[in-house]
Amino acid sequence: IPVDPFDLVIFGGTGDLARRKILPGLYRRFRDGQMPDGARIIGAARSDIDTAKYRQFVESAVLEFVSKKKCDPEVLKAFLGCFSYVTVDALGDMGWSELAKEMRDDVVHAFYFSVGPRLFEPIAERLKSHAIAGPDARIVVEKPFGHDLETARALNATMAQHFEERQIYRIDHYLGKETVQNLMALRFGNMLFEPLWNAQYVDHIQITVAETVGVEGRGAYYDRSGAMRDMVQNHLMQLLCLTAMEPPSKFDPDAVRDEKLKVIRALDPVEPEDLVRGQYLGDDDVAPYTQDAEAEDSRTESFVAMKLHVSNWRWNGTPFYLRTGKRLRARMSEIVVRFKEPPHSIFEEDTGQSANELSIRLQPNEGMDLKVTIKEPGPGGMRLIDVPLDMTFAEALGEEVADVPDAYERLIMDVIRGNQTLFMRGDEVEAAWAWTDPIIEAWQERRDVPHSYDAFSSGPEEALMLLHKDGRRWRELR
Ligand code: NAD
C-alpha cells in the first residue's frame, strides 16, 4: 500500500545504523513502488558534506547492503534524486535554519533520531524553537530507551516536554519482523489456536534469541549494559508480550499496547534460582568476552536464561523460559509453544508419540512450523512419527512474496502511515525497566559472577539444568 508524500529527516544520516539499515531499507521500499513521487529524504548530521557527497554515501550503502540482483542502476539513480543533505549541529546553531527551509508544507514530516540518546533533547528543543516540527510531526527514536527505570523516565519526560505520545515512535526492530506480526495473525485470525493458547493445553513456552557473534567492536558499550539490558528488557520482553497477551479488542495501537503492558505487569518477580547468567570463553580462533570487552574482571553477562511466570488466569502454571546470548552455537531466534501430551494414550508406550510443538522462527528463514504426530506410512503396524507442518514463507508463498521486507523498512513505512501499533509506548518501556531493574540490582549487590561457557556452545551447563530440573529441555540450537 503506497504511503502519502513525506519529508523524512534522518538525524545521524551518515552513521552506521543509517548506512546498514535505514538507507538500504528505504531503497527497497522505493524499488517496490511503495514510496510516492513526493517522497524526500534529508540527511542531517555533523559531517561537513554537501548533497552530492551524501548521495554518494547513500549509493555506496545501497550497493553494499542490497543484494546485487535486486539493485537496478536506473532505479538507484531515481532513488538518489529523493535525497538532500544539511550539515546540522545538534548541540549548536549550525544548520537549523537551512533545515527549516528544506521542509515542505502539506506533506508528512518525520524525524528519525538515529543518534545517541544524549542528543535527543538538544535536537527536540531545536526542532521546536526553529518551528521545524509541528504538532503532527512524527519522531522516531532508537534503542536504548534508557539504562534503567530512572533514565527511561527522564528520557520519556524530556520527549514529552516537546512532543505528544502519539507523535513518538520508539523502534524495537523485532516488532517489525514478518513472523512477529504473523504471530498475531496466527493467534487472532484463526479459530484453531486461541482456544488452546493457555495453561490448560500449553506445557511451556520457550523464547530464544541466540547469536554466534561476540561483542567485539562494541565491547566497551556492551560491558556497561549486558544481555539483560541489551536484549531481555526490550526484544525478548516484546516477544513474550505478544505471545502471552490477551486478544485486543481491535488491531489498533493502543488496544494492542494496553494488552502488552498488562503482561509485563503480571510478571512475577524472578527467583534467583530461576536465573542463569553466563559469559563466553575464547578458543583458538576467538577471544574470550573479557578480552572483547577490554575488561579483565568484567562480571557482565553475555548470556542470560530465566524461567518466568505470567501471573494471571490464562497462564497460571505454564512457565515461560527465555534465553539469549552471544557466541552461541547457532544464530537462531524463535518462539516455541510446547503443548501438553494427550491426557491418555490409546497406543502402546513405545510407539513414538510426543507432544505438539508450534515454533515461530524469526531467524534464519522466517516461518513457522507445527509438529504433529502421524502414523508412519507403511505396513509396519501402528508406529507414530512426528512430522512438521511447515509454513516457511518461501515455500508456501513463492519467492516474490517470500522476499520478506526487512523490519526497518516496514517500520519506517508505518511511521509515514501514522500507525503506532508496532512501536513501544512510553509506559511499556518503563514497565519493562521496572521489572528488569531489581534483577540487575540484586546481581550487583551480591557481586554475582556469571558462569563461563564455551564459545559456540549452547551456553552454560546451568542453563540446561534450569529446564532439566523441571523435566524439560531446550530446543537444540541449530
Ligand atoms: P554512529 O556513531 O555511527 O553515528 C552517529 C551519527 O550522529 C553520525 O551521523 C554523526 O554525524 C551524528 N552526530 C553525532 N554528533 C552530532 C551532533 N552534535 N550533531 C549532529 N549530528 C551528530 O551511531 P549509529 O551506530 O548509527 O547509532 C545511532 C543510534 O542508533 C544510537 O542511539 C544507537 O544506540 C542506535 N542503534 C544503532 C544500531 C546499529 O546497528 N548501529 C542498532 C540499534 C540502535
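The values are calculated or read from the model by the stated rules, or taken from the named source; none is laboratory data. Keep in mind that this is a model prediction, so the values were computed, not measured. Every residue, glycine as well, gets a Cβ built from its backbone with ideal geometry; the counts of neighbours run over all protein chains shown. SASA here: full protein model, heavy atoms, side chains in, ligands and nucleic acids out. Shrake-Rupley method; radii C 1.70, N 1.55, O 1.52, S 1.80 Å.
Roll a 1.4 Å probe over the protein heavy atoms and report the accessible area of Ser452 in Å², nearest 10. Solvent-accessible area, nearest 10 Å²: 70 Å².
Need the C-alpha centroid separation for segment 163-195 versus segment 199-221, integer Å. Segment 163-195 and segment 199-221 have Cα centres spaced 19 Å from each other. Taken as Cα centroids, segment 1-36 and segment 38-103 sit 10 Å apart, rounded to the nearest whole angstrom. Compared with the dominant Cα axis of the chain, that is its longest principal axis, helix 178-188 is turned about 60°. Per-residue SASA remark: Ser298, around 20 Å² accessible (1.4 Å probe; ligands, DNA and RNA not included).
The HN-Hα couplings worked out from phi for segment 150-157 by the Karplus form 6.51 cos²θ - 1.76 cosθ + 1.60 (θ = phi - 60°) are 4, 5, 5, 4, 4, 5, 4, 5 Hz, whole numbers, x standing for Gly and Pro.
Expressed as a whole percent, the accessible surface of segment 400-456 that belongs to carbon and sulfur atoms is 45, based on a 1.4 Å probe. Among the protein heavy atoms of segment 206-341, carbon and sulfur supply 45% of the accessible surface, probe 1.4 Å, non-protein parts ignored. An ellipsoid equivalent to the chain, defined through the eigenvalues of its Cα gyration tensor, has semi-axes of 40, 27, 22 Å when rounded to whole angstrom and sorted largest first. Using a probe of 1.4 angstrom and keeping all protein chains present, the accessible surface of the chain works out to 46 square angstrom per residue.
Using the average count of surrounding beta-carbon atoms within 10 Å as a protection proxy, the listed peptides 369-376, 2-9 rank, highest first, as 2-9, 369-376. Annotation: Cys241 carries an accessible surface of approximately 0 Å², with a 1.4 Å probe and no ligand, DNA or RNA atoms counted. For segment 159-250, report the % of Cα-Cα distances exceeding 18 Å. The proportion of pairs with Cα distances above 18 Å equals 62 percent.
When all protein chains stay in place and ligands, DNA and RNA are ignored, the 1.4 Å accessible-area order of Met465, Met228, largest first, is Met465, Met228. One compactness figure for segment 84-236 is 1.35, namely its Cα radius of gyration divided by 2.2 N^0.38 Å.
Give me the angle, in degrees from 0 to 90, between the Cα long axis of helix 120-129 and the longest principal axis of the Cα atoms of the chain, rounded to the nearest 10. Its long axis makes an angle of about 40 degrees. Which shape class applies to segment 420-478: rounded if a/c is under 1.5, otherwise prolate when a/b exceeds b/c and oblate if not, where a ≥ b ≥ c are the square roots of the Cα gyration tensor eigenvalues? Oblate.
Surface composition of segment 1-67: carbon and sulfur make up 47 percent of the accessible area, probe 1.4 Å. In terms of its C-alpha gyration tensor, segment 1-131 comes out prolate, because a/c is 1.5 or above and the ratio a/b outweighs b/c. Pairs of Cα atoms nearer than 8 Å and 6+ residues apart set the relative contact order; for the chain it is 17 percent.
Residue order by solvent-accessible surface for Arg28, Arg118 is Arg118, Arg28, largest first, with ligands and nucleic acids left out and a 1.4 Å probe.
If you sort Trp474, Trp433 by accessible surface, 1.4 Å probe, largest first, the order is Trp474, Trp433.
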